[in-house]
Amino acid sequence: MGWGFTNKELHIIMISTKNLNIWKLLWQLICYKPKLYIIDSCFWILIIGLPALPGLVIREFFDRLTDKAQFGFSPLALIVLFMALNLAHIGVIFAGRITKTQHRFIMRSLLQHNLLYGLFKNHTAQPMVFNKDAEKTISQGEIISYFRDDAEQIENNLALLSQILGEGISAVFCLVILFTINVKMTLFIFLPLVGIIVIIQRAETRIKQYRQASRQATEKVTGILGEIFGSVQAIKVAGAEKNVLAYFRTLNDQRRQMMIKDSLFNAIINSAFHNTEYLGIGIILLLASQLMQSDVGKLTVGDFAVFVYNVCFVTGFFTSLGNFRALYKHTEVSFERMASLLSGVSVNSLVAANRLFLNDLNGRKKPLPLVIQPLRNQRDSLQLLKVSNLTYYYPGTNQGITDVSFEIQRGSLTVITGQIGCGKTTLLRVLLGLLPKQSGEIYWNRKMVEDPANFFIPPLSAYTPQIPQLFSYSLQENILLGLSKDDNDIATALKMAVFEQDLATMNEGLETLVGSKGVRLSGGQIQRVAAARMFVRQPELLVFDDLSSALDVETELALWSRIFVDSTKPEQNNWTPTCLVVSHRRSVLRRADQVIVLKAGRVYAQGKFDEI
């Protein structure tokens, strides 16, 4: 196993986000909960500082034995005092663990919350790109590494900051004691610091490179795991189990090699720190032995004992500084990786103060805020949706849509049809802002829509893709997604989605758990639950991408009938939905007010079904 990197490895690991002010980011995290940080630091001052006090007791004890004691304590009293200080130290450690655990958990939760929120700001359906120059995209499984490993790394750095503060104050206290004993010997304590600084300066670039390589290797392993678990059926049908497992083992071997390099190099650095520290202590002890034998600056046995006892606290602080500098480079890698995911979003958003709904110390859950849908403004009610010369091509290809234009009237049903690959789904996604349009305009009531991704959302629009996404929760939670609606609204939405008979067969009703991605439901049930999710929000524009793909003819006809008949009843608040649908079924095409036929990404024909 070599220590060098290939050109390809160096090209990958040197990809990073430049000009990150790590100290500023860490400071903003500290300022999120400053009281917790101060309390945590105070505990560390006590945890590190209390052990320094027994050194004074030790000096008095040995001086008492040699009749050079400054105070009149008996040996038994000194032993009792020594035990009391150590018991207090144990108590402080237990109390400090509570605040430290809480502080660490909150810091990690804030980072994970902000990273997820930043990803949600990317409304497009484009794959997440780690680096545009390298054209490296990130899968769902790979993102686990960012939320788990990188957030934990930054959390560790913050925890060490409070520890360094405590150790620094204790080191100053010990230095004062040591200077009162012998100035010359104390100055030699700074020898290890010089060695540690030299080691860090020589090794910090390599520290960062090995950490980047190990993180990327871990990312690949979590990525392939996500792909395997999400495609078990496809792998078994293709009989590719052996090939997939062989590839998984290859990635694991690569990760093992990178992790060994990273861990071994860190172990070497830590060993160098400690050996430098012990070498400095050895030199100091040799000097102390000379002073104890000479008459000039002679040390008592108690002075020597307290000097040896306290010198470890000072040199230990220097070692911690070296470890912190190495950890800082690791944290720099983690911030750069997380920032690389937030395309178009400031890296400062990672450490922005946000409300976290965490359990308190007694385990009580904080109530989550209800999602309140914005009220529909009468002026925004859809009267006319106009699409003019809409164009989009997938990167590096000539596939997409070209100069697509059409109009949709309020309360109408518009069906987009055409052969597979003609651009039907692409058209819907570009219209809704899930893909960035390259040219063309979209008008809502003759007013141009500047930002489709943020405009086409409830209560103005709702969308169900070809493969709807359900979560591992109950039916009701999948329909509402946090929205505040009463039982009547849910029942009405389920009826419009032709789901009431299915619900009657479920023993737990709306509390029925649907399983991962709705695995306990059929394909048609999944699509109708997704449709109910749209109906309960009563948007102006309903967009369906091939709703009929998993529905039988009768169920689909009943669904369209309920949309256009039941939605006009008074109990529906005169909701008049407008539908834009991808479908191939003749029953739907005949019912449509307008049919748009696409061919090779262009409008081939347009009008009534009987006319085209």
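Annotations
- A straight Cα-to-Cα reach below 14 Å connects LYS495 with the aspartates and glutamates ASP487, GLU556, ASP566, GLU571, residues fewer than 8 places away in its own chain not being considered.
- Length released on extending from ASP253 to LEU356, taking residue separation times 0.36 nm less the Cα-Cα span: 33.2 nm
- Cross-link table LYS35/LYS220; LYS35/LYS517; LYS121/LYS208; LYS121/LYS261; LYS220/LYS329, entries beyond 32 Å C-alpha to C-alpha: LYS35/LYS220; LYS35/LYS517; LYS121/LYS261
- Against the main long axis of the alpha-carbon atoms of the chain, helix 75-120 sits at an angle near 20°.
- Förster radius 45 Å - calculated FRET efficiency between CYS31 and ARG410, Cβ distance, rounded to 0.05: 0.35
- MRE, 222 nm, helices only [DSSP H, n ≥ 4, -39500 (n - 2.57), over the chain, to nearest 500]: -19000 deg cm²/dmol
- The residues packed around PHE313, meaning those with a beta-carbon under 12 Å from its beta-carbon, carry a net charge of -2 if Lys and Arg are +1 and Asp and Glu are -1.
- Taking Cβ atoms as reference points and 14 Å as the exclusive limit, the residues near ILE224 contribute a net charge of -2, counting Lys and Arg as +1 and Asp and Glu as -1.
- At an R0 of 25 angstrom, the distance between the Cβ atoms of PHE82 and VAL308 translates into a FRET efficiency of 0.95.
- Nonlocal amide H pairs with THR578, under 5 Å, H built at 1.01 Å: GLY411, LEU541, LEU542
- Per-residue Cβ neighbour counts within 10 Å put VAL415, VAL221 in the sequence VAL221, VAL415, beginning with the fewest.
- Fraction of beta bridges assigned by DSSP in the range 382-611 that are antiparallel (%, nearest 5): 55
- Between the amide H of VAL449 and those of ILE442, TYR443, TRP444, distances stay under 5 Å, these residues lying 5 or more places away or on another chain, with hydrogens modeled in the peptide plane.
- Potential lengthening between GLN501 and ILE268 on full extension [0.36 nm per residue; Cα-Cα distance subtracted]: 77.2 nm
- Rounded, prolate or oblate (a/c below 1.5 giving rounded, otherwise prolate when a/b exceeds b/c) for the range 414-487 by Cα gyration tensor: oblate
- Label assignment, semi-axes √(5λ) of the Cα gyration tensor in Å derived from the structure, set [x] 38, 29, 25; [y] 47, 29, 22; [z] 67, 28, 21: [z]
- Residue order for TRP575, TRP27, fewest other beta carbons within 10 angstrom first, comes to TRP27, TRP575.
- Look at PHE544, PHE564 and count the other Cβ atoms within 10 Å of each Cβ; fewest to most, that gives PHE564, PHE544.
- Rounded to 5, percent antiparallel among DSSP beta bridges of the chain: 55
- Take the Cβ atoms of LEU384 and ILE228, set R0 to 60 Å, and the FRET efficiency comes out at 0.80.
- Set of aspartates and glutamates near LYS424 by C-alpha distance (under 12 Å), chain-local residues within fewer than 8 positions excluded: ASP545, ASP546
- Taking a ≥ b ≥ c as the square roots of the eigenvalues of the alpha-carbon gyration tensor, the range 152-206 is classed oblate because a/c is 1.5 or more while a/b is no larger than b/c.
No lab work stands behind these numbers, since they all come straight from the coordinates. Here the structure is a predicted model, which is why all the values come from computation and not from measurement. We place every Cβ from the backbone using ideal geometry, glycine too, and count neighbours over all the protein chains shown.
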